[in-house]
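Nothing in this text is a laboratory measurement; each read-out follows from the coordinates by a stated rule. If you're wondering where the values come from, they're calculated on a predicted model, not measured in any experiment. Quick reminder, even Gly has a Cβ in these numbers, built from the backbone with ideal geometry, and neighbours come from all protein chains shown.
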Amino acid sequence: MSEIVVQGALQFEPNGKDVKDLDLDHLARQTAILNDLLRIYGRIDRTRESEFERAAFRDTIEALQQSLYPWITAAKGDRRSYISFFDLIDSYEEEAGIVITVGKNGGFRWAVHQIVTLRAVLRSTLPIEVFYAGDEDLPTEYREFIDEIQSTYDGYGTITIIDINHRFLDPDGTLGLPGGWAMRPFAMLASSFKHVILSDADTIFLRDPRVLLQESTYQHYGSVFWHDRILDPAKDEIYNWADELLARAKVKDLDKVKEENAGWFSRRTWYELERYGNFLSMLTKSGALIVDKTRNLGALLMTCYMNSKRVREEITYVRFWGDKESYWFSHTLTSTPYHYVPGYAGGIGTITPQTANADKEHVCTSRILHLLESTGEPFWFNSGLSEFKWHNDDKYSVPDGWVGHNAEWYKDPGATRLDQFCAQVPEGFLRLQDPVKRVEGALKRALEEMIQLAKTYDDLMVHAGLIKIA
């Protein structure tokens with residue numbers, strides 16, 4: 001078994017001349033084998049009789065890791081973070097938690113808002129790990145400010161700050177971190193959580209994200225994602241590239257993948273392979289997702305590869321917008337189970353009448369809303385608490401309306417501010433249209449409290465000289 005699998009892995013030559021797409025399909029097939037071996041190994045009882053079998057599996061797994069993902073255990077000089085692949089796996093000591101990547105110029109203000117609202121408003125006790133890439137990325141004074149939040153909300157769960165460069169030493173520059181969005185999957189891999197919730201710096205949860213652990217779809221599949229909005233289709237060359245790669249990787253259960261990603265496979269949307277060219281102001285990212293590393297570690301490794309320096313520069317970021325589509329695509333390539341919450345994203349913001357028909361209302365907003373599948377209630381949105389985060393100003397307003405999944409997004413120049421999109425409820429039977437849902441009750445009170453808290457911490461960050469607000 002060892003020789004067959006390892007020989008297959010040794011054929012992987014991402015730096016070979018004329019290798020198509022840096023051998024993504026071959027790596028995906030071998031990573032799927034690695035993940036299967038991990039699952040089988042995990043089911044072998046720890047008995048004296050099984051010692052030889054367990055040792056054989058460990059040797060094979062570690063040989064595969066060294067062939068496919070040698071950067072995990074690579075040494076830099078006389079330093080090594082992980083002696084073996086199982087040293088990394090054994091570091092997953094915490095049951096569940098939230099991972100956020102932050103830099104001084106990469107969402108620090110919004111990450112602070114998220115952390116304090118999780119602790120002070122939602123009373124979440126989930127541990128949080130904040131990852132950065134070296135002192136230049138997040139200097140000492142920024143880290144000390146986050147430490148003060150931990151002191152303020154002591155007893156509500158730990159907040160740990162981790163330099164990703166201390167986890168993956170990257171002596172050959174293969175990873176090229178921080179690399180913007182690219183650091184996110186590596187932070188998931190290095191985190192101490194078995195069940196890891198990845199959250200964008202500008203994500204705001206409206207319920208304690210711990211509820212994700214109880215979602216039946218997560219318990220069944222081990223990875224859950226949310227769709228973006230429906231806007232426009234991609235170019236045929238991007239669809240063709242992905243279809244060819246999926247075929248070469250010999251993906252299993254592709255029918256289910258096509259069912260959950262109908263917008264992509266019918267070539268109607270960029271949602272699963274979204275690329276905006278120069279249109280940057282309205283893009284959204286993988287603002288929240290959850291992966292069970294005890295089951296789907298192989299897919300996460302593949303995600304990391306798709307965000308490594310050469311691959312992102314030559315292949316994935318040429319076709320994707322940052323890291324956002326690499327999560328579902330790596331799961332698909334490695335035939336790893338995952339689930340999309342049904343429907344495409346909605347919005348939350350201020351209710352206004354439509355310019356073309358004042359009798360109809362919509363929400364014009366930069367905040368992209370996602371629902372909790374089991375209840376259909378607002379769960380999280382991204383783009384922060386301020387009205388328009390890209391202006392980095394102090395303008396806040398409590399949303400008064402929301403449109404759920406499968407919202408119809410469009411431009412309404414007469415109704416929008418700051419070049420926003422508008423979302424309306426789709427027409428139903430007999431072309432009837434439900435009104436925009438109201439933000440009221442506990443949801444309204446939570447948002448009011450969150451915004452007040454954000455203003456307070458804005459003042460503290462400005463006074464500390466950490467941020468400037470326009």
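Quick check: from the Cα gyration tensor, does region 294-360 come out rounded (a/c under 1.5), prolate or oblate? Verdict is prolate for region 294-360. Backbone amide hydrogens, once placed in the peptide plane, bring G103 within less than 5 Å of F108, excluding anything fewer than 5 places away on its chain. Using equal-weight Cα scatterers in the Debye expression, the normalised intensity of region 115-259 in log10 at q = 0.15, 0.17 Å⁻¹ is -1.03, -1.18.
Starting with the highest mean, order 166-174, 217-225, 352-360 by the number of other Cβ atoms within 10 Å, averaged over the residues of each peptide.
Values: 166-174: 16.3, 217-225: 18.9, 352-360: 12.7.
Listed from highest to lowest mean packing, they are 217-225, 166-174, 352-360.
Debye sum, Cα scatterers, the chain, no solvent: what log₁₀ I/I(0) at q = 0.08, 0.09, 0.13 1/Å? Listed by q, the Debye log ratios stand at -0.48, -0.61, -1.26. Positive-end ranking of G404, Q65, Y92 along the dipole of the chain, with charges on Cβ about the Cα centre, is headed by G404.
Which entries in K360/K437; K104/K389; K389/K444; K395/K468; K324/K389; K194/K309 show an alpha-carbon gap greater than 22 Å? Beyond 22 Å: K194/K309. Between helix 24-43 and the chain, what is the angle of the helix's C-alpha long axis to the longest principal axis, kept within 0 to 90° and rounded to the nearest 10? Helix 24-43 and the main axis of the chain meet at about 80 degrees.
Which of the GluC sites (Glu not before Pro) found in region 98-204 are in a DSSP loop and have at most 14 neighbouring Cβ atoms, other than their own, within 10 Å? Could the numbers behind the result be given before it?
Numbers: sites: E129, E136, E141, E144, E148; in loops: E136.
Answer in residue order: E136.
Mind jotting down a quarter of the surface of the convex hull over the alpha carbons of region 314-465, in square nanometres, one decimal? Don't skip to the end; give the middle numbers.
Numbers: hull surface 52.0 nm².
The number I arrive at for region 314-465 is 13.0 nm².
If you line up the long axis of helix 140-152 against the longest principal axis of the chain, both from Cα atoms, how many degrees apart are they, to the nearest 10? Value to nearest ten degrees: 70. Neighbours of D400, meaning other residues whose beta-carbon lies under 9 angstrom from its beta-carbon, give a summed charge of +1 when Lys and Arg score +1 and Asp and Glu score -1. Taken one residue at a time, the phi angles of region 245-255 give Karplus couplings (6.51, -1.76, 1.60, θ = phi - 60°) of 5, 4, 5, 5, 7, 6, 5, 8, 6, 5, 4 Hz. Gly and Pro are set to x. Simple rule: put +1 on each Lys or Arg Cβ and -1 on each Asp or Glu Cβ in region 92-340, find the dipole, and look at T303, A120, L245; the Cα lying farthest toward the positive end is L245.
For region 92-340, the Kirkwood estimate of hydrodynamic radius, built from reciprocal distances between every pair of different alpha carbons, is 18.6 Å. Amide H to amide H, with H built 1.01 Å from N, T350 comes under 5 Å of C364, D400, counting only residues 5 or more places away or on other chains. Rounded to the nearest 20 debye, the dipole size of the chain about its Cα centre is 420 debye, using +1 on the Cβ of Lys and Arg and -1 on the Cβ of Asp and Glu.
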